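Undergrad: Okay, here's the structure, questions in a sec.
The values are calculated or read from the model by the stated rules, or taken from the named source; none is laboratory data. Note that the coordinates shown come from a computational prediction; the quantities given were computed from them, not determined experimentally. Note that we place each Cβ from the backbone using ideal geometry, even for glycine, and neighbour counts take in every protein chain shown. The area values use the complete protein model at the heavy-atom level, side chains included, leaving out ligands, DNA and RNA. Shrake-Rupley method; radii C 1.70, N 1.55, O 1.52, S 1.80 Å.
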Amino acid sequence: MRMSSDNQKRRKPQQLRGEQRMAAMLDAAAAVFAEFGFDAATMTAIAERSGSSIGALYQYFPNKLTLARALREQYGEDMAQRWSGLTTDAAHLSVNALADRVFDLMIGFFDEHPAYFTLLNATLGYQRSADARQRLRAQFGAVLRQKNPQMEEEDALRTANVALQIVKGLNPLYAQASAAERRELVAEFKMALQAYLKLRLHK
């Protein structure tokens, strides 16, 4: 009988072939989660989608919870990289263009990771670390200080926190909306963020 304890450690790949196999398993898990939802997804379906045996899948991921958590970690790293690129370009953007880029970044992320909302709403017994949240606030705070060098760091972090809550507010509405409604929602949230940033940055 296989153990399904969340504390069971998953095998880590020791060479390129193993890394490629694990990546294929994660991609397959994302596709199955997006298609069927977390609760209905099965390890058998994920193994079949990845072209692996069920035994090989269990070697790397003892259960679908460990797969989901690995995907969430992967998504967090991807998001951090996207924000790093925004930080680099922010000094050359108007406030309106900055708000547009923030939401374009988010929509691009949603489109590339269709399992994101499934995992966001699933009960995984896993919370994003406080360090990760603080890092994102610090990144956006640095963006704001590029736009207004007179802004104190504490003010920039507070403004970043509020701005990110505006951005985060799109998530549940976007997940449930039709394609046409999503476009309208994004436009509304862009206007809200533009207005807030102009007020706080004195632009």
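Undergrad: Please pick out the residue among LEU119, LEU185, LEU98 that is under 26 Å from ALA29 (Cα atoms), part of a helix (DSSP H, G or I), out of contact with any Ser or Thr (no Cβ under 9 Å at 6 or more places or on another chain) and of a type in the set (A, V, I, L, M).
TA: From the options LEU119, LEU185, LEU98, the qualifying one is LEU119.
Undergrad: For region 1-15, indicate whether the set of residues that are at pLDDT 95 or above, among the hydroxyl-bearing types (Ser, Thr, Tyr) and either assigned to a loop (DSSP other than H, G, I, E, B) or closer than 30 Å to ARG137 by Cα (or both) is non-empty.
TA: Within region 1-15 (the criterion being at pLDDT 95 or above, among the hydroxyl-bearing types (Ser, Thr, Tyr) and either assigned to a loop (DSSP other than H, G, I, E, B) or closer than 30 Å to ARG137 by Cα (or both)), the answer is no, since none of the residues qualifies.
Undergrad: Further, regarding this structure: Take ASN161 and tell me if it is open to solvent by 20 Å² or more (accessible area, probe 1.4 Å) and either farther than 23 Å from LYS198 by Cβ or touching a residue at least 12 places away in the same chain (Cβ under 8 Å) (or both).
TA: For ASN161, the condition - open to solvent by 20 Å² or more (accessible area, probe 1.4 Å) and either farther than 23 Å from LYS198 by Cβ or touching a residue at least 12 places away in the same chain (Cβ under 8 Å) (or both) - is met.
Undergrad: Among ARG137, ARG133, ARG182, which is the only one that is surrounded by 16 or more Cβ atoms within 10 Å (Cβ to Cβ), under 19 Å from ARG72 (Cα atoms) and among the charged types (D, E, K, R)?
TA: Just one listed residue meets the conditions, ARG137.
Undergrad: Now for a different question. Scan region 78-120 for residues that are farther than 21 Å from ALA175 by Cα and open to solvent by 50 Å² or more (accessible area, probe 1.4 Å) and report the count.
TA: So the count comes out to 8.
Undergrad: Would you be able to say whether some residue in region 22-31 is open to solvent by 70 Å² or more (accessible area, probe 1.4 Å) and within 25 Å of ALA132 (Cα to Cα)?
TA: Yes, region 22-31 has at least one match.
Undergrad: Tell me yes or no: at least one residue of region 133-151 is touching a helix residue (DSSP H, G or I) at 6+ places or on another chain (Cβ under 7 Å) and either in a loop (DSSP other than H, G, I, E, B) or over 20 Å from GLY85 (Cα atoms) (or both).
TA: Scanning region 133-151 turns up at least one residue that is touching a helix residue (DSSP H, G or I) at 6+ places or on another chain (Cβ under 7 Å) and either in a loop (DSSP other than H, G, I, E, B) or over 20 Å from GLY85 (Cα atoms) (or both).
Undergrad: Scan region 32-68 for residues that are in contact (Cβ under 8 Å) with a residue 24 or more places away in the chain, assigned to a helix (DSSP H, G or I), surrounded by fewer than 18 Cβ atoms within 10 Å (Cβ to Cβ) and out of contact with any Ser or Thr (no Cβ under 7 Å at 6 or more places or on another chain) and report the count.
TA: 2
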